[in-house]
Amino acid sequence: MESGLAVAGIYLDIAKAFDTVDHDILLGRLQECGLPMMMIQWFKSFLSKRKMMTKIGMHVSDEIEVERGIPQGGMLGPLLFLIYINNIFSLRTSGTLYSFADDTALVCSAPTVHELAQTIQNDLNVIAEWFDKNKLNINPQKTKIIHYKFKNSINNQNQLQEIYLKENNQIKYRIEVVKNIKYLGTILEDKLTWDLHIKYIEKKLRKINYTLYNLKKFLKNKNLIKIYKTFFQPVVRYNIINWGGAAQTHKKKIFKIQKQAVRICLDIHPGESVQDKFPDHKILSVNRLCDHATGCFLYRYAKCFEIVPRTRPSAVLGTVEAAIPGWNRYHSRMQLPYRGPLWFNNLENSLREKLLYRTITYNTFSKKLKDKLLNCDAY
């Protein structure tokens with residue numbers, strides 16, 4: 001998008017994904033993975049001759065043998081499904097496929113909106129054929145397309161042409177183009193803003209604050225802080241490496257609710273400052289949580305960024321640095337590929353070296369980074 005390409009995301013919904021897995025195809029996939037025949041036979045026994053029934057009140061139906069599907073509720077279910085769909089990434093598509101269990105997305109780009117529509121249609125035909133061969137069904141009612149665009153983009157005026165889902169080379173359904181979609185717990189918008197996702201988080205956090213307010217009648221402050229860290233903090237932290245690039249006006253709304261939660265837990269008057277309470281109870285503010293999550297992500301996936309030793313080391317600039325993309329648009333600069341290297345270069349040199357050369361473990365790095373952030377201004 002930074003280079004002026006038209007971009008769209010297609011978010012596929014697999015109808016009854018785990019329940020429609022073909023046992024023979026799955027066993028073939030396991031064999032392709034190199035599992036010994038003894039293990040293949042074990043999995044065949046695990047999958048076959050399973051029975052199910054339906055009970056309504058006092059009435060029970062007859063048993064029927066389940067011929068397809070993976071047993072759910074255990075550790076093997078998701079793993080077997082991943083193995084089943086893994087070769088979808090070997091498809092020759094112009095766009096890039098992403099998948100997390102049964103949540104699959106295709107991101108396509110092209111010089112013009114017209115070419116983008118053709119690219120999407122061609123890729124979707126290839127994917128639909130793969131689903132048909134593997135006896136999986138795409139749910140067209142829940143499959144959506146988002147045409148991403150900047151507010152002042154040239155492609156902003158052009159509407160994406162109609163895209164169809166075909167079956168046996170015949171048009172069956174038209175895929176709806178939407179302005180936003182919830183994907184993996186995150187609300188994505190066509191204008192690349194985080195307005196709706198911030199409102200979604202706000203709603204969840206206010207419910208947690210309401211619960212904390214009612215619990216403070218029965219629990220001590222230290223127990224309320226534990227509940228805060230167990231329920232409130234994970235909601236804020238989830239995918240914050242991405243939505244943390246939202247405008248400060250949006251993040252201030254989350255921070256306001258966060259301060260309210262701390263006041264409830266510590267029984268502090270609404271008008272009283274809680275700035276010193278954050279480090280006292282080892283609580284990171286929204287901005288500091290974003291910094292910590294960014295640092296931890298960089299430690300795990302440093303190879304995704306161009307981090308190299310400086311050609312001219314100095315006491316001020318340090319010995320290593322990350323290359324920052326030459327992006328000019330505001331929304332581009334708010335994305336992790338830009339913010340990550342920028343954050344890394346502002347980190348003290350000793351931590352930069354530890355991150356790059358892995359001289360300390362991930363847990364030690366995470367703890368050192370958190371201690372450093374706790375000493376920063378919470379606001």
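The values are calculated or read from the model by the stated rules, or taken from the named source; none is laboratory data. Computed from a predicted model, the values in this text were never measured in an experiment. Cβ sites come from the backbone with ideal geometry, for glycine too, and all protein chains shown count toward neighbours. We work out accessible area using only protein heavy atoms, side chains counted, and drop any ligands, DNA or RNA first. Shrake-Rupley method; radii C 1.70, N 1.55, O 1.52, S 1.80 Å.
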Next on the checklist: For a quick check of your reading of the model, give me the residue pairs whose first member lies in region 75-102 and is under 15 Å from Asp13 (Cα atoms), whose second is open to solvent by less than 90 Å² (accessible area, probe 1.4 Å) and among the acidic types (Asp, Glu), with beta-carbon atoms closer than 9 Å and at least 6 apart or on different chains.
Outcome noted: Phe81/Asp102; Ile85/Asp102; Leu97/Asp123; Asp102/Asp13
Checklist outcome for this item: Pairing a residue in region 56-71 that is farther than 9 Å from Asp19 by Cα with any residue that is in a strand (DSSP E or B) and not aromatic (Phe, Trp, Tyr), where Cβ atoms lie under 6 Å and the two sit 6 or more apart in sequence or on different chains, gives Glu63/Lys51; Glu65/Lys51; Val66/Arg50; Val66/Met52
Checklist outcome for this item: Those residues of region 95-105 that are modelled with pLDDT of 85 or more and open to solvent by less than 100 Å² (accessible area, probe 1.4 Å) come to a total of 7
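With respect to Arg339, is the statement that it is touching a residue at least 60 places away in the same chain (Cβ under 8 Å) and not aromatic (Phe, Trp, Tyr) true?
Numbers: touching a residue at least 60 places away in the same chain (Cβ under 8 Å): yes; not aromatic (Phe, Trp, Tyr): yes.
Taking the combined requirement at face value, the residue satisfies it.
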Checklist entry - In the list Lys229, Lys253, Lys303, which residue meets the criterion of being touching a residue at least 40 places away in the same chain (Cβ under 8 Å) and either within 19 Å of Gln335 (Cβ to Cβ) or touching a helix residue (DSSP H, G or I) at 6+ places or on another chain (Cβ under 7 Å) (or both)? => result Lys253
Item to check | Restricting region 259-279 to residues that are under 31 Å from the mean Cα position of the chain (by Cα) and over 21 Å from Leu215 (Cα atoms), the residue that is least open to solvent (accessible area, probe 1.4 Å) | outcome: Pro279
Checklist entry - Here are Phe344, Phe297: which of them is among the aromatic types (Phe, Trp, Tyr) and surrounded by 19 or more Cβ atoms within 10 Å (Cβ to Cβ)? => result Phe344
Checklist outcome for this item: Being at pLDDT 90 or above, within 17 Å of Tyr200 (Cα to Cα) and surrounded by fewer than 17 Cβ atoms within 10 Å (Cβ to Cβ) narrows Lys222, Lys282, Lys252 down to just Lys252
Next on the checklist: Please go through region 22-80 and give me each residue that is open to solvent by less than 50 Å² (accessible area, probe 1.4 Å) and aliphatic (A, V, I, L, M), ordered by number.
Outcome noted: Ile25, Leu26, Leu27, Leu30, Ile40, Leu47, Val66, Ile70, Leu80
Item to check | In region 308-321, residue nearest to the chain's Cα centre (by Cα) [restricted to those that are in contact (Cβ under 8 Å) with a residue 24 or more places away in the chain and open to solvent by less than 60 Å² (accessible area, probe 1.4 Å)] | outcome: Val320
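Determine, yes or no, whether Glu167 is of a type in the set (Asp, Glu), without any contact (Cβ under 8 Å) to a residue 60 or more places away in the chain and open to solvent by 70 Å² or more (accessible area, probe 1.4 Å).
yes
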Checklist entry - Quick one: which of Lys217, Lys207, Lys203 is more than 21 Å from Leu336 (Cα to Cα) and at pLDDT below 95? => result Lys217
Checklist entry - Restricting the search to region 185-206, which residues are open to solvent by 60 Å² or more (accessible area, probe 1.4 Å) and assigned to a loop (DSSP other than H, G, I, E, B)? => result none
Checklist entry - Of these, Val308, Val320, which one is touching a Leu at 6+ places or on another chain (Cβ under 6 Å) and modelled with pLDDT under 85? => result Val320
